[in-house]
Amino acid sequence: MQTLLLGISVVLVLVILFMIFKLTTLIGVAKGSKTDVDAGSNKVNASLMLIFLIVSGIITLWFSYSWFGDYHLPVASDHGVITDKLFWITMGITGVAFVLTQILLFYFAFRYSYKKNSTATYYPDNHKLELVWTLVPAVVLTVLILYGLKVWNNITSPAPQEAEVIEVMGAQFAWRVRYPGEDNKLGRYDYRKIDASNAFGMDLSDKNSLDDFVPRELHLPKGKPVLLKIRARDVLHSVFLPHFRLKMDAVPGMPTQFWFVPSKSTEDMRKETGNPDFNYELACTEICGKGHFSMRMLVVVDEPADYEAWKKEQKTWLSLNPEYMSQVPEELKEVAMISSGIETSESKDSSL
Ligand SMILES: [Cu+2]
């Protein structure tokens, strides 16, 4: 509070000094003893423009260089290489235009600041010049947009048939993932079935739900296409897998999807980064409420054989929540026992 008051008083003192300066200048003009209005402050402003250009230029270059690794993560997916290329081409073209225009903007403010007796040249228009600065950006932007569209169509094309299908669901405040189990088919869901244990609202009257499993980590196979089926249970969330250059909103009532091929396992990445503790993560990039920061899930990319072995180890959701057998229709009960891996009363009897 004290610091705030001190800050406010400093600002007020500066404002008062500025007003006194202005007032004396105006009195000078009124008396006729001063005709050179504001020449001093004009010079100060002109020099400040140049100082701002140089200082902010140095800070930007230094920051971009020394923090490069923090905002440009190593890429770990096939399409990520293509989107990175698009990003850097766009950054190169717009970056050069930005730097040139900023240098001219601040330099001109300095160079052409008010000077006594200097008058501006009368130069109303130049058709050739206007044509050039309209056509060149138009052509460059059209090429960039067409290239971007091509890349977007490529990465959002339908997933290959053999893709691993995994459901990702955002809910305040955690990600949950569901795998289709041995049948490779995710079961139906119904929001009316959601309760404390059945977070996905899995519909157990669907045969395909019986062997679905819900692990705590997102495992992905290296070198195989993966199709993420994305949905949200309450508010907007956004699936963000930065190393895979993947970002897709999770929208309540409107499932979205994204397919990609992870190209480096967690082990590969630990070697590449030289960090033995490296882990991929799934984050949320939609401010979805108070606990938004905690929406983080560990992602593990396995070699294909390890991935299959991990899948085999997973227990089905139904076997971990056997009380939900009551929701399974009579004709599916036996199938449910077998496909979910629940011990039947007969198998228990025979083991006695
Ligand atoms: Cu979220």
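Laid out as a table, the results:
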| read-out | value |
| --- | --- |
| Some residue of the stretch 122-143 being touching a Leu at 6+ places or on another chain (Cβ under 6 Å) and assigned to a helix (DSSP H, G or I) | no |
| Hits in the stretch 276-335 (condition: of a type in the set (Ser, Thr, Tyr) and farther than 22 Å from residue 234 by Cα) | 280, 307, 316, 319, 324, 326 |
| Any hit, the stretch 216-230, residues being within 16 Å of the ligand (Cβ to nearest atom), surrounded by fewer than 21 Cβ atoms within 10 Å (Cβ to Cβ) and in the same structural domain as residue 316 (by TED's automatic domain parsing) | no |
| Complete set of residues in the stretch 106-121 that are exposed (fewer than 12 other Cβ atoms within 10 Å of the Cβ) and either in a helix (DSSP H, G or I) or in contact with a strand residue (DSSP E or B) (Cβ under 6 Å, 6 or more places away or on another chain) (or both) | 108, 111 |
| Residue 269 being within 16 Å of the ligand (Cβ to nearest atom), surrounded by 17 or more Cβ atoms within 10 Å (Cβ to Cβ) and in contact (Cβ under 8 Å) with a residue 40 or more places away in the chain | no |
| Candidates 163, 159, 174, 138 - the one that is of a type in the set (A, V, I, L, M), within 16 Å of the ligand (Cβ to nearest atom) and either without any contact (Cβ under 8 Å) to a residue 24 or more places away in the chain or under 24 Å from residue 254 (Cβ atoms) (or both) | 174 |
| Residue 315, sole failed condition from (1) in a helix (DSSP H, G or I); (2) modelled with pLDDT under 90; (3) touching a strand residue (DSSP E or B) at 6+ places or on another chain (Cβ under 9 Å) | (1) |
| Test: residue 289 is outside any strand (DSSP E or B), away from the ligand (no atom under 15 Å from the Cβ) and at positive phi | no |
| Top-ranked residue in the stretch 63-80 [being surrounded by 13 or more Cβ atoms within 10 Å (Cβ to Cβ) and assigned to a helix (DSSP H, G or I); ranked as nearest to the chain's Cα centre (by Cα)] | 80 |
| Any hit, the stretch 294-311, residues being under 30 Å from residue 190 (Cα atoms), within 16 Å of the ligand (Cβ to nearest atom), in contact (Cβ under 8 Å) with a residue 24 or more places away in the chain and assigned to a loop (DSSP other than H, G, I, E, B) | yes |
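The values are calculated or read from the model by the stated rules, or taken from the named source; none is laboratory data. Just so it is clear, the model here is predicted, and its values are computed rather than measured. So basically every Cβ, Gly included, is an ideal-geometry build from the backbone, and we count neighbours across all protein chains shown.
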